[in-house]
Every structure is written in structure tokens, then in C-alpha cells.
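Read through the structure below, which is laid out as C-alpha cells, and then see the notes.
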Amino acid sequence: MLKAFHRPTRSIVALTLAAALLGACGKDKPEAATSAAAQAETAPPQAAAPAVAPAAAAPTPVAAKSFVLAVADLDLYEQGLDKENALVKAAMERARSASSDAEKLDAKFAATPRQTETEAAGALGVDAGHYRKVKEAVNQILGTQEMNAALEKQFQGMNSEGLSEELKASIEQNKANLRASLADPFKDITPEVVSEFQARQARLAALRAENIGLLMNAGR
């Protein structure tokens, strides 16, 4: 009788312990979830990411004011280039009489356009930058005129004798097209300046030709 009673008692105890363990495990999960929820509620709110400011619009570039040749600038060109030519001649003389390579090199440097332009502008009491713009503008006109004249000379030298009328007409058409494509030396120049330029053209061209020749000799 004792043995029969002892077996069920042990089984009941085992079942009771198993139920208690399962109950304990089941209680752990809700407690953990409750703890996580509590922490989430009590945690301080995170700062929002700062908004990205829109990129500032790039400033509109200001167009550089174009240089316009004036009648007074023709006087400046004549006086300035005359002074430059004198400076180059003096530098060449110093180079010939130099007693050392250093003196010769210094004289050659004094004959460079950058140096003579600065000195000429200073002697005339004008801004060197303005003088360079005047010089460049006048030289551009003279250079374009020379190129156009050289091309026209070639046109005149073409001999179409003995060619068919059709071929002659084609050649004349090509000449006309080339003439039309030639650059206008007085583009954007006022009529007043064009008139004064043409009146002085021989003198301006002579000064430019002399300057080119002097610079070529000074560089040797």
C-alpha cells in the first residue's frame, strides 16, 4: 500500500515543479517587454537631423567693359611707340658696349616690350594697362589691313588667261567669297576715329614697322 501511494505522490510533485518552472519562464517575457517599453517611454527624444540649407545661387558674372578706341588714343600710340623705339635703341647700344654677360643680359631685358611699354606709359603719365590696350587695338587694325592687302595682291596676280569662261567665272566667284570673308579692320570703331586713323595711317604703320624691326634685332 505504501509503495502504491508513493509513486503517484512523486509524479504529482514532479508535475507541480514542471508547472512552476513553465510559469516562471512565461512571466520573464512580459516583464522584459514591459521593461523595454518603459525605457522607450522614459528615454529623451532624439534631436531631429538639421535641415540642409539650399545652395546659394551663384552670382551673375559682370561682363568686362570692352575697350573703345578714341581719337586721343591715336596721339598716345604715336607718342608711346616713338618713346618705346627710342628705349629699344638705347638698350641695344648698352648691350653692344656691355663689358660682361650680366650687363648684356640686363640691357636685352630692358628692350623687351613689357619693359618699354611700362617706361613709355610712365614717361607720358598714363596707366600702363590703358596704353597696352591702345597699342594692341591700333596694331590689330594695322595688322588686319596688311593681311587684307596681301590677299588682294594675290587675287590681282591670278592669271586666268586661256581658261574656259566657266572656270574664269568660278575663280571670280571664289575671289568674291574670299573678299567677303576678310575681317573688317575698323569693326566697332566710330566713324570719327576711322577718319582720323586713315589720315595718320602712314605714320602709325611706319612706327609699328620700326618697332617690329628693332625688337627682332634686339632679340638676336
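Yes/no matrix, rows are residues, columns are (1) touching a helix residue (DSSP H, G or I) at 6+ places or on another chain (Cβ under 7 Å); (2) among the basic types (K, R):
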| residue | (1), (2) |
| --- | --- |
| A176 | no, no |
| L182 | yes, no |
| K187 | no, yes |
| A209 | no, no |
| L215 | yes, no |
| R220 | no, yes |
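Those residues that are surrounded by 15 or more Cβ atoms within 10 Å (Cβ to Cβ) and within 29 Å of the chain's Cα centre (by Cα), I need them from region 146-159; list them, please.
Once the filter is applied, which keeps residues that are surrounded by 15 or more Cβ atoms within 10 Å (Cβ to Cβ) and within 29 Å of the chain's Cα centre (by Cα), region 146-159 yields nothing.
How do the pairs read when you match residues in region 94-112 that are modelled with pLDDT under 95 and among the hydroxyl-bearing types (S, T, Y) with residues anywhere that are outside any helix (DSSP H, G or I) and surrounded by fewer than 12 Cβ atoms within 10 Å (Cβ to Cβ), using Cβ under 9 Å and keeping only pairs 6 or more apart or on different chains?
Cβ pairs passing all conditions: none.
Evaluate the following for E152: is it more than 23 Å from L76 (Cα to Cα), among the acidic types (D, E) and in contact (Cβ under 8 Å) with a residue 12 or more places away in the chain? Outline the logic, then answer.
Values: more than 23 Å from L76 (Cα to Cα): yes; among the acidic types (D, E): yes; in contact (Cβ under 8 Å) with a residue 12 or more places away in the chain: yes.
Here the answer is yes, as E152 does meet what is asked.
Identify, from the list A199, A205, A209, the residue that is modelled with pLDDT of 90 or more, surrounded by 10 or more Cβ atoms within 10 Å (Cβ to Cβ) and more than 37 Å from the chain's Cα centre (by Cα).
A199
Given the criteria in contact with a Phe, Trp or Tyr (Cβ under 6 Å, 6 or more places away or on another chain) and of a type outside the set (A, V, I, L, M, F, W, C), does K133 qualify? First the steps, then the outcome.
Details: in contact with a Phe, Trp or Tyr (Cβ under 6 Å, 6 or more places away or on another chain): yes; of a type outside the set (A, V, I, L, M, F, W, C): yes.
Yes.
Return the pairs, sorted by first residue and then second, in which the second residue is in a helix (DSSP H, G or I), the first residue lies in region 175-197 and is under 16 Å from G143 (Cβ atoms), the beta carbons are less than 6 Å apart, and the residues are 6+ apart or on different chains.
Partner pairs satisfying both residue conditions: L182/N148; A183/T144; P185/I141; P185/T144; P185/Q145; F186/V194.
Name the residue, out of K104, K89, that is farther than 17 Å from E210 by Cβ and surrounded by fewer than 16 Cβ atoms within 10 Å (Cβ to Cβ).
Working: K89 fails: farther than 17 Å from E210 by Cβ.
Exactly one of K104, K89 is farther than 17 Å from E210 by Cβ and surrounded by fewer than 16 Cβ atoms within 10 Å (Cβ to Cβ), namely K104.
The values are calculated or read from the model by the stated rules, or taken from the named source; none is laboratory data. None of the values given here were measured: they were computed from a predicted structure. So basically every Cβ, Gly included, is an ideal-geometry build from the backbone, and we count neighbours across all protein chains shown.
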